[in-house]
1. Report the one residue of B:PHE181, A:PRO11, A:ASN211 whose Cα lies farthest in the direction of the positive end of the charge dipole of the protein assembly as shown (charges on C-beta: Lys and Arg +1, Asp and Glu -1; origin at the Cα centre).
2. To the nearest whole number, what is the average tally of beta carbon atoms from other chains within 10 Å of the beta carbons of peptide A:203-215?
3. Which of the three applies to the stretch A:93-225, rounded, prolate or oblate, going by the alpha-carbon gyration tensor with a ≥ b ≥ c and a/c under 1.5 meaning rounded?
4. Count, for each residue of B:213-219, the Cβ atoms from other chains sitting within 10 Å of its Cβ, then give me the mean as a whole number.
5. In a shell of Cβ-Cβ distance under 14 Å around B:GLU171, excluding B:GLU171 itself, what net charge do Lys and Arg (+1) and Asp and Glu (-1) give?
6. Counting only other chains, and only Cβ atoms inside 10 Å, what mean value do you get across the residues of B:302-311?
7. Which whole-Hz couplings ³J(HN,Hα) result when phi for each residue of the stretch B:149-163 is put into the Karplus expression 6.51 cos²θ - 1.76 cosθ + 1.60, θ = phi - 60°, listed in order with x for Gly and Pro?
8. If packing is taken as the mean number of other Cβ atoms within 10 Å per residue, what is the order of B:166-174, A:132-140, highest first?
Amino acid sequence: MTANLSPASKPLISSQLSFLGSGDELEVRAYDAVYSYSDLGAKIMMALKDRLDGSRSMADLADEVGVPLEKLGEALAVLRDDGLIIDAGIMDAAQSPDEVFDAYFSFCQFWVKEVFIQPFWSVLLSGEAGRNLVLGWGIEFYHYVYSVNEHLANAVSYCRTDKMARRWIAQHYVEEHDHAEIFLEGLAACGLDREQVRNAPPLASTRALINFLNELALSDSLGYLSAFGIMQAPGSGRPRGSHNRFYDGLVKHYGFAAGLFEAFRKHASIDDDLGHDDMLLKRLIRREQDVPPERRRKMMTAARDTSEYFVLYFEGIYEFYTGPGVIIPRRPFDIRMVL
Amino acid sequence: MASFSSPLGSNVNDLRSLEGCLPTLRWDASMYAEQGNAVFKFEDNIVTLEGVGPEPVLEVAAMLDGRTPVSTIAAQARADERLVIAIIRALVSAGLVVDCGSGHEEDIAPDVFASKCRHLYAVWKNRLFSHPLWEFLRTGKATRSQFVGWLIESYHFIEGVNDRLALNIAECADGKLKPLFIRHYVEEYDHSGFFITALGALGYDAELVESTRPLPATIAVLNHMRHCARRGPLEYAVCSSFLESTGGDRTSGLAFLGRVEKHYTADRPQVIKPLVSHIRLDEAYGHNDMLERVCSQAGRITRARASEAIGLGALFIETMELWSTDILKAYAEPSSFPRTTIHKYRPLAVDAE
């Protein structure tokens, strides 16, 4: 991710950035940082503004913009270091299955940033989220975790020609099938009624994520397993047990939801113990001598789509559960109400 | 918007029992405290309960889930049972609460089911078309890229009949219903051509349009209908029929297109013309009474299934709202178009409002 941009690199800029200013002064704004450029740096960045789409090499860009390659690299270095620029050519350049996986996972880490710039996270971490938002997140997360009984079950049943892959997916499903109970327990500890939570209709955005995973699972194993990189990317490389500090912080802000955060903590520990950060996709493609371009595209598209559905998921939680007059858990429709 | 108040205080001494009553609050109600009263909203109504502070009312209302008896609610809320009864009676008379404990048949007659859907469709259409996307397109406030984005996503949406209706036919095991869906599909399967023609008149050729990646929420609408199709033909029909316009909707639909044309394509009448033709063709096919035709073949419907089918319809409307928001946000900047690579989604921090 932070490897230097070579002349052959094809820089792709994060869609979360915006450019403000012109001429000698320019600000490149990310969600949580502002990068200031002046003089030559500003001129270079203005010229690059619409060119960093991952289709041009650094060498071509230097020619187009008319500056030395070295100066171009200097202008982009800070954005690259902060993970806001990625070399779009790494997937095509990858040779071995492990390199293909690493390239794929770099993109997962790049795209997942869009999920974590959602207002939901900044409000949650600021300690200013209301009870509805915190518990609403818990309810939607319960639905999402319970949905393994749709998408993982589908993934097992539609993996019909690759017995080894099916065993891996089946094992993963067996390990995950009852994890939603942990969250139900946690929500009950916060005073919510279990049946009300079970019966609550998920938000449309939550259902959209679940339906998307279902359709992937019904289509093919490679695409389905590629969705998991987005789910694993945020915690990748963290030391075992490091989630404790995160949840300790949330408990300090939101004592009323201590039971829910205990559930998150317990779930993270179980996943640590089960080694669920060891991705099945890696095992799947390691069996191949070479990963053909079409399969690489499938991996990338599935991961990208997944990141977009997670954007919708957190946006949906934030917009609904901060709305006026929301009743949690949501009530299911009963036709007796309109007879 | 109807607004009325219920003088709760005068009912507090009404000791008539609610034994056996399992009160449930409407699924679409929202509630909050305002000026010392509890206020509820549902459909187009605002109900204010006066005479008692909002806290006990809101607490009791949150517990009305159709499973919990009144005495248990009073005990859990640590409230006087007479007050709880008064609150529930007031909410029942306001149309916010029904008793799930008694007086309801196990099955619903198909014509009753269809008429309840029709009532809800009117409420839902009003709600959906109040979304900023439709308001912005109607008034010309939407940017040109949002207008083009709406046309592109509408193309994917209409082309999606092959994702949803074809699956519904394949999944439908009812020999009486299947021919209805087959006929519907045969009449609809190529209607995305109207949008290809419209976009072509705008300068976007078919190859480009077909190569664009639909927004996630566009796929979400289609996936929801696929989900419904797997649940059953009735579940599918509730969503599908919402999309078919009736006489009044057609008039509003044509008026809407007229305004869109005025704001965005006044110099290119060939853009909107195919969309008008699309509406007129659907009218000629008579797709507007599909729900009634499906229901007439369905026999009596169990209460649980009727509830689930309409619940999925309610979620469909929320998905359509999600779609509308996604279009507004994703196409807020001209650079968002065309979405032909996996490297584009939303620009930073764009507010749909």
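1. Comparing the listed Cα positions along the dipole, B:PHE181 ranks first.
2. Values: counts 4, 14, 8, 0, 10, 13, 3, 2, 10, 4, 1, 4, 6.
Counting other chains' Cβ atoms within 10 Å and averaging over A:203-215 gives 6.
3. Oblate is the answer for the stretch A:93-225, as a/c is 1.5 or above yet b/c matches or exceeds a/b.
4. On the way: counts 4, 0, 2, 14, 6, 0, 7.
Per residue, the average neighbour count from other chains is 5.
5. On the way: positive: B:ARG164, B:LYS178, B:ARG226, B:ARG230, B:ARG231; negative: B:ASP163, B:ASP174, B:GLU235.
So the environment of B:GLU171 carries a net charge of +2.
6. 4
7. Per-residue couplings from phi come out as x, 4, 5, 5, 5, 5, 4, 4, 4, 6, 4, x, 4, 6, 7 Hz.
8. Working: B:166-174: 17.2, A:132-140: 23.1.
Averaged packing, sorted descending, gives the order A:132-140, B:166-174.
Each value in this text was obtained by applying a stated rule to the coordinates, not by laboratory testing. Quick caveat: nothing in here was measured; it's all calculated off a predicted structure. Please note: Cβ atoms are built from the backbone with ideal geometry, for glycine as well, and neighbour counts cover all protein chains shown.
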